[in-house]
Amino acid sequence: MKKSNPTIYITFTLILSFFTAFQSQKINAQGCVAVRQMGGLNMTLTNSYNLNKGDFQVGGNYRYFHSWRHFVGKEEQPQRQTTGGGLDENGNERGNAVNIYSHAIDFNISYGLTNRIQLNATLPYVNNERSQVLKQNPTTKNYRYSVYADGIADIRLSANFWIFDPAKMPKGNIMVGLGVKLNNGSHDEMDNAPQTDGSIQSVVMDQAIQPGDGGVGIISELQLFRKLTDRLYGFANGYYLFNPKESNGTFKSAPKPGLEGYEIYACPDQYFARGGLMVAVDKNQNFNVSLAGRIEGIPAYDAFGGQVAYRRPGYVIAVEYGFAYTLGHHGFSLFIPYNIVKNRIQSAADIATQDLANSKITDPSKYVHVQGDAAFADYSFNVGYYYRFGLGKKKHVTVNL
């Protein structure tokens with residue numbers, strides 16, 4: 001087998017890095033702000049950075065995070081860690097913060113329709129836990145309990161296209177993508193939860209731990225990279241999910257007069273963007289490290305469709321540390337984004353509630369501001385593995401730099 005050019009290895013490891021991180025967004029580092037995993041697959045494990053005609057690539061990505069810090073806007077609510085949860089056996093105050101533990105696995109397959117067009121499919125599976133405190137009257141001891149939601153999440157299908165011919169552009173390229181997010185994942189999972197009257201009832205889980213969001217969405221993607229020096233590359237990528245369906249019909253709570261519709265969970269848009277640098281460490285340029293900045297979140301209002309529904313909008317800005325290693329047709333990666341900004345912005349429901357309250361106040365100095373909170377994680381772990389192969393003998397592009 002022909003020996004691959006080391007410079008090509010750093011190129012496809014670069015693409016491995018941003019494709020793997022790109023698809024790791026299932027409530028990733030968000031918690032109660034339910035950003036779901038999206039994005040394309042990496043197409044990088046041979047002697048050219050693109051997925052060649054007739055080649056397949058299969059792999060998976062595992063992701064874990066624990067959210068527990070509550071924010072209103074950018075202001076943390078540290079009291080949620082120490083108060084509101086009743087007293088422990090020693091009489092000390094306990095916190096009532098919501099904790100979310102999320103495990104997610106993506107199973108991915110991609111096929112090279114041509115040397116410039118790739119077809120991708122992703123089957124996600126999630127297992128989520130939400131730990132919270134039962135809110136009872138002051139004379140009753142509060143206690144913490146957990147509920148769960150797991151199962152197949154929303155399947156994603158997409159096609160990606162390299163703007164420039166990879167055979168003629170070894171040092172940089174741009175990829176655009178278009179796809180669809182299906183609504184096969186359950187958005188109304190139920191679990192048994194204790195009630196204030198002492199009973200146990202089966203109730204719909206919070207949207208933050210549901211496998212799906214109930215809407216069919218359109219995915220738009222953009223990815224690019226450029227060689228800067230012998231071993232240094234710059235890269236950027238992002239996506240926007242257009243989710244035009246207003247709500248999924250699942251009730252969060254009882255309706256309030258004048259706010260009908262805002263008690264039903266929304267099918268929200270979401271977005272993600274990332275950019276940074278990657279450098280080869282070893283002589284053969286198989287082991288690479290990267291440093292990137294990233295932002296991801298849920299907007300308060302969708303780009304298309306109705307807005308009368310409930311969501312927890314917000315975003316995080318993170319510094320992401322990445323490591324990628326290639327061995328033949330195998331690729332391994334680890335990405336750890338650490339959130340430096342957490343912001344739970346005003347939702348459409350917050351604004352509607354605020355406007356309704358202020359419509360009854362005659363003194364402007366007494367106007368109220370309504371803004372809910374959300375729990376965020378400090379960081380997440382994203383581990384990926386991919387393998388590329390061709391059925392039969394394939395002609396691959398070889399680039400000599």
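The values are calculated or read from the model by the stated rules, or taken from the named source; none is laboratory data. Predicted, not measured: the structure shown is a model, and the values here were computed from it. Cβ sites come from the backbone with ideal geometry, for glycine too, and all protein chains shown count toward neighbours. For the accessible areas, the whole protein counts, side chains as well, though only heavy atoms, and no ligand, DNA or RNA atoms are used. Shrake-Rupley method; radii C 1.70, N 1.55, O 1.52, S 1.80 Å.
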- prompt: Hey, any hits in segment 163-170 for a residue that's open to solvent by less than 20 Å² (accessible area, probe 1.4 Å) and within 20 Å of the chain's Cα centre (by Cα)?
  reply: no
task: Run residue 52 past the list (1) surrounded by 19 or more Cβ atoms within 10 Å (Cβ to Cβ); (2) under 25 Å from the mean Cα position of the chain (by Cα) and report the number of the one that doesn't hold.
output: (2)
field: Unique match (being buried (at least 21 other Cβ atoms within 10 Å of the Cβ) and not basic (Lys, Arg)) among 158, 146, 186
entry: 158
- prompt: Looking at 303, 280, 273, which one is in contact (Cβ under 8 Å) with a residue 60 or more places away in the chain, under 21 Å from residue 219 (Cβ atoms), aliphatic (A, V, I, L, M) and touching a strand residue (DSSP E or B) at 6+ places or on another chain (Cβ under 6 Å)?
  reply: 303
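Rundown of residues vs (1) touching a Ser or Thr at 6+ places or on another chain (Cβ under 9 Å); (2) modelled with pLDDT of 95 or more, yes/no style:
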site	(1), (2)
67	yes, yes
73	no, yes
77	no, yes
89	no, no
100	yes, yes
114	no, yes
122	yes, yes
task: From the list 130, 116, pick out the single residue that is crowded, with 16+ Cβ neighbours inside 10 Å, over 30 Å from residue 84 (Cβ atoms) and of a type in the set (D, E, K, R).
output: 116
- request: Hey, can you tell me all the residues within segment 55-81 that are of a type in the set (Ser, Thr, Tyr) and either under 14 Å from residue 372 (Cα atoms) or surrounded by 20 or more Cβ atoms within 10 Å (Cβ to Cβ) (or both)?
  value: 67
- line: The one condition residue 383 fails out of (1) in a loop (DSSP other than H, G, I, E, B); (2) β-branched (Val, Ile, Thr); (3) touching a strand residue (DSSP E or B) at 6+ places or on another chain (Cβ under 6 Å) is (1)
field: segment 213-231, residues that are open to solvent by 50 Å² or more (accessible area, probe 1.4 Å) and more than 22 Å from residue 125 (Cβ to Cβ)
entry: 218, 222, 224, 226, 228, 229, 230, 231
- prompt: For residue 173, which of the numbered conditions (1) more than 22 Å from residue 271 (Cβ to Cβ); (2) open to solvent by 40 Å² or more (accessible area, probe 1.4 Å) fails to hold?
  reply: (2)
message: Consider segment 73-129. How many of its residues are under 20 Å from the mean Cα position of the chain (by Cα) and among the hydrophobic types (A, V, I, L, M, F, W, C)?
response: 9
message: Any residue at all in segment 354-374 that's within 26 Å of residue 63 (Cα to Cα) and either open to solvent by less than 50 Å² (accessible area, probe 1.4 Å) or in contact with a Phe, Trp or Tyr (Cβ under 7 Å, 6 or more places away or on another chain) (or both)?
response: yes
- request: Look at residue 338 and say whether it is aromatic (Phe, Trp, Tyr) and surrounded by 15 or more Cβ atoms within 10 Å (Cβ to Cβ).
  value: no
field: Some residue of segment 251-273 being surrounded by 15 or more Cβ atoms within 10 Å (Cβ to Cβ), over 22 Å from the mean Cα position of the chain (by Cα) and of a type in the set (Gly, Ala, Ser)
entry: yes
